[in-house]
1. Looking at (1) under 20 Å from the mean Cα position of the chain (by Cα); (2) surrounded by 13 or more Cβ atoms within 10 Å (Cβ to Cβ), which is the one condition that is false for L69?
2. Could you look through the stretch 116-155, keep only residues that are among the aliphatic types (A, V, I, L, M) and modelled with pLDDT under 90, and pick out the one that is surrounded by the fewest Cβ atoms within 10 Å (Cβ to Cβ)?
3. Let me spell it out: the conditions are (1) in contact with a Lys or Arg (Cβ under 6 Å, 6 or more places away or on another chain); (2) among the small types (G, A, S); (3) within 30 Å of A13 (Cβ to Cβ), and G272 meets all of them except one. Which number is the exception?
4. Just one of the numbered conditions (1) of a type in the set (G, A, S); (2) surrounded by fewer than 16 Cβ atoms within 10 Å (Cβ to Cβ); (3) under 12 Å from the mean Cα position of the chain (by Cα) is not true of A325; which one?
5. For the subset of the stretch 483-513 comprising residues that are assigned to a loop (DSSP other than H, G, I, E, B) and touching a residue at least 40 places away in the same chain (Cβ under 8 Å), which member is nearest to the chain's Cα centre (by Cα)?
6. Only one of (1) farther than 30 Å from N103 by Cβ; (2) surrounded by fewer than 18 Cβ atoms within 10 Å (Cβ to Cβ); (3) in contact with a Phe, Trp or Tyr (Cβ under 7 Å, 6 or more places away or on another chain) is not met by I202, so which one is it?
7. Just checking, which of L8, L41, L18, L36 is among the hydrophobic types (A, V, I, L, M, F, W, C), buried (at least 20 other Cβ atoms within 10 Å of the Cβ) and out of contact with any strand residue (DSSP E or B) (no Cβ under 9 Å at 6 or more places or on another chain)?
Amino acid sequence: MPGWKYSLSLAAALLFALALAWSSLGRQIDFWAYDLLLRALPPSQQKSASVIVAIDEQTLETYGGLLALRSPLAQALDILSQADPLAVAVDVVLSEPRTPEENAPLAEALGRIPTVVLAANLRAEQGAGWEMPIEPFARHAAAVGHAHAEPDPDGVCRRVLLAKAHDRTRLWSMGLETHRVASGAPPIAETPQHLELGDARIPASYRDDRQLLLRFANPAQPIERISLARLLEDPSLAETVRGRAVFIGVLVLGGLDRYLMTPYSYGRPMAGVEINATVYETLARGRFLQPVSPATALLAALLIALVTAWIFHRFSGRTAVLFGAVALLAAHALPVVAFLQDAVFPASQSLLVGWMCFGVGAAWNYLGVGQARDRAERQTERYQKAVHYVTHEMRTPLTAIQGSSELISRYSLPEDRQRQIGELIHKESQRLSRMVEMFLSVERLSAGELELHRESVDADQLIAESVERLRPLAARKRIQIDHQPCDDAPIDGDRELLEYACYNLISNAVKYSPADTAISVRAWRENERTFVSVEDQGYGMDPSELRDIFKRFYRARTADRSGENGSGLGLALVEEIVVGHGGSIAVESQIDRGSRFTLDLPAALERTEP
């Protein structure tokens, strides 16, 4: 596996995953993961610390609608005051001036509860400002808190801003003020990272606008509710609120209060009074959800990427995929483990980084396995070709050895004749041995396993020796071999391999040329390169065939005109020898006008004298 390419691919996958995680798509993934974890891991079932007194449809029908609420609200406050609630939060903005007759009973009822918290609302209109309770009611309030909810971009309310400011007027949230009043704590103290309420430290940093992630009540045991109408009909229900906080608000869809979606909504919105009561419940339980820092999230994502990268670098095949899947599973488990520790980890970073790096690693693993398979197939193919070549090229010396040995064993021959046959057998066996050694050397060379025995080889001498060996064959076809001597043509290379290459080229020129033609062979030196050229007047080749002549077992169409048998291995082996020496081979050819092969090889610094 190419190390730098693999590393570059993983780095690109990591950057792309982080870019997605920090985009709107990544943020939405974080929202979905948060909602899923909140529903899958709800808080333990326990009695709620607050009670909602609902101004529901029954209440509105009984007491004349929204505009006639102040009188029944005053009556309900009088009843609740007898049950000693910890605090009473009126989540109805009492900002409209009415007649003294309408206001007086409600003001008196508020005055009888020392821990009452009234609501203020920041109007959405540009520059509209705060809607505050009017003076007859405000003077009896222990605190005024804002009832403003802060839904996320997808419209789901998962958090609340514990502080909200406009025109130099800054109000704490109604749920926070109710908790402060109910606990009898001193005024809220602020640090950059926390709000301190008595002994409690609330993780609401200044950097995040003092936001608090909400722990909604367990759906199996929601915050208790009492209808305001039923409370007025049966005052004994007030005993339910003893020692608990009370939130009074409208629970009528389309009424005065605002309805918002929550992670638990399942398509059913939640009224603002329920959300404010949830703020109180979150604070009362004292178990807060806190987002992990961006630096921690980034380091965790980098760790996932590094572990995945190491796995696919260290292992391969199914083992790599298995361990990679374990790392991917850990990336999925990270947000869950963090949530169990009351920390909110950005799931998009771990999931996207995990999947991107796993995908890239698996792709490289697949390519690596495929390359290993291809290498094995090439090795098998090379072995098969080697066997074919051995059987083809060795047939001639084996035939000579078998025939000669048969003559000796069957017939009583004169001593001179026996000596001649023995010398032939010895000569052919040596030829066979050299052939095997040559073939194995070329195979090892093509596989990169052979260390060349480099020395200064005289190219002109190699040509001369090859020409002398081939003159009898050329004479039978009346082919003239013109060797132009050169005094300075040294090659830095392996003598035996280079001899094979020169012999093969000259032998092909003789075999594939018609009778009564000429062959020109010469060597020369240019700077630090030595060139060997073999030019014939043979049958030539079509330009379309020149791309394939160095492939093993390929034979040009015009070769059949010569009547010579061949394996198509010679030129392939010549090319491997030349390339293995750091050289190249070029060919020029035309049909019926001949061919010219030119070897370009590194020249030796010192020439060996012939």
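The values are calculated or read from the model by the stated rules, or taken from the named source; none is laboratory data. Just so you know, these numbers come straight off a predicted model, no measurement behind them. Glycine also receives a Cβ, built like all others from the backbone with ideal geometry; neighbour counts cover every protein chain displayed.
1. L69 satisfies all of (1) under 20 Å from the mean Cα position of the chain (by Cα); (2) surrounded by 13 or more Cβ atoms within 10 Å (Cβ to Cβ) except (1).
2. My answer is A124.
3. Just one mismatch for G272, condition (3).
4. Among (1) of a type in the set (G, A, S); (2) surrounded by fewer than 16 Cβ atoms within 10 Å (Cβ to Cβ); (3) under 12 Å from the mean Cα position of the chain (by Cα), A325 violates only (3).
5. D494
6. (2)
7. Step by step, each of L8, L41, L18, L36 is checked, and only L18 is among the hydrophobic types (A, V, I, L, M, F, W, C), buried (at least 20 other Cβ atoms within 10 Å of the Cβ) and out of contact with any strand residue (DSSP E or B) (no Cβ under 9 Å at 6 or more places or on another chain).
Condition check ((1) in a helix (DSSP H, G or I); (2) crowded, with 20+ Cβ neighbours inside 10 Å; (3) at positive phi) across all residues:
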| residue | (1), (2), (3) |
| --- | --- |
| A89 | no, yes, no |
| E96 | no, no, no |
| E102 | yes, no, no |
| L110 | yes, yes, no |
| P114 | no, no, no |
